[in-house]
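The values are calculated or read from the model by the stated rules, or taken from the named source; none is laboratory data. On a predicted model such as this, the values are computed, not experimentally measured, just so you know. Here the Cβ is made from the backbone with ideal geometry for all residues, glycine too, and neighbour counts use every protein chain on show.
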Amino acid sequence: MPSSRIALTGLLILALAGCSRRGEIDATGGIVAVRSACPTASIPAYTGDVTLFNPPQSRDAAAIDVVANITDLRSTCTDGAQLYTQATFTVNARRSDASGARQVTLPYFATVMRGGNAVVAKRVGQVTLDFAPGAYRASTTATAGSYVEKGAATLPTDIQDKITQKRKAGDADAAIDPFSQPDVRAALARTSFELLIGFNLTQDQLRYNATR
C-alpha cells in the first residue's frame, strides 16, 4: 500500500437517507432525519498547515524554510458489502531557498472520530513534495480511505420511530423536538463519525500554529 494511502477499518456507519433537510416536517407529520452514510471529511483547527524552520529550533520569520498547507479536501463514498469512503486532498508548499532540486516529506494523519470526542482509528501517512531546481513552489495530492460496515452504526428502531413518528397539533409531544431528548442525542452521537485529516504535527508545531 502506498504511504499516501490509508485504510481505516472497523468502523460502523449507517444513514437515514432522504431529500429533505434534517428536522424538516414531512407530509405525514413526522420529522425527516437525513444522515450521511459515510464520515464527514474535515481538517481540524491548526492542523491544516505546517511550517519548517532552519535552524529547526528558531521561530524567527527569517528562519522560515518551508510552509505547506492542505487544501481541496473532498470525499466520495462507494456502496457495497462495506461502505468505502475515500478522501482526496492537495498539499501545496513554498520554500524560501529555490537553489537546486529538493524533496520534502511531511507526515499527515487520518483519524476517525466518533461522537466528536472518541478516536476510533488513526493512521499516519507521508506525502512527498518535489521542488524543481529554481522553483519556489511544489504541489502534490494524497488520499485517505475508510472501510465501514453498514449495520454497525444503525440507529435503534425505537430511536428512529421517535424521530419520525407522526405529530399533530395539540398532541402532548407535538411541541417537543425529538432531537433535544437525551436518548436521541446519545444515539445520534454514537452513530456519528468524522474523518479528520491534517498534518501530524509535533507539540511545538501545533503550538506555533495556535499562537502565531
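Within the stretch 12-27, identify whether any single residue is closer than 30 Å to A187 by Cα, acidic (D, E) and modelled with pLDDT under 60, and answer yes or no. Checking the stretch 12-27: at least one residue is closer than 30 Å to A187 by Cα, acidic (D, E) and modelled with pLDDT under 60.
Residues in the stretch 59-79 that are surrounded by 12 or more Cβ atoms within 10 Å (Cβ to Cβ), modelled with pLDDT under 95 and not in a strand (DSSP E or B): R59 only. As for the stretch 108-125, it holds no residue that is hydrophobic (A, V, I, L, M, F, W, C) and outside any strand (DSSP E or B). Among the residues making up the stretch 90-105, those that are assigned to a strand (DSSP E or B) and without any contact (Cβ under 8 Å) to a residue 40 or more places away in the chain are R102, Q103, T105.
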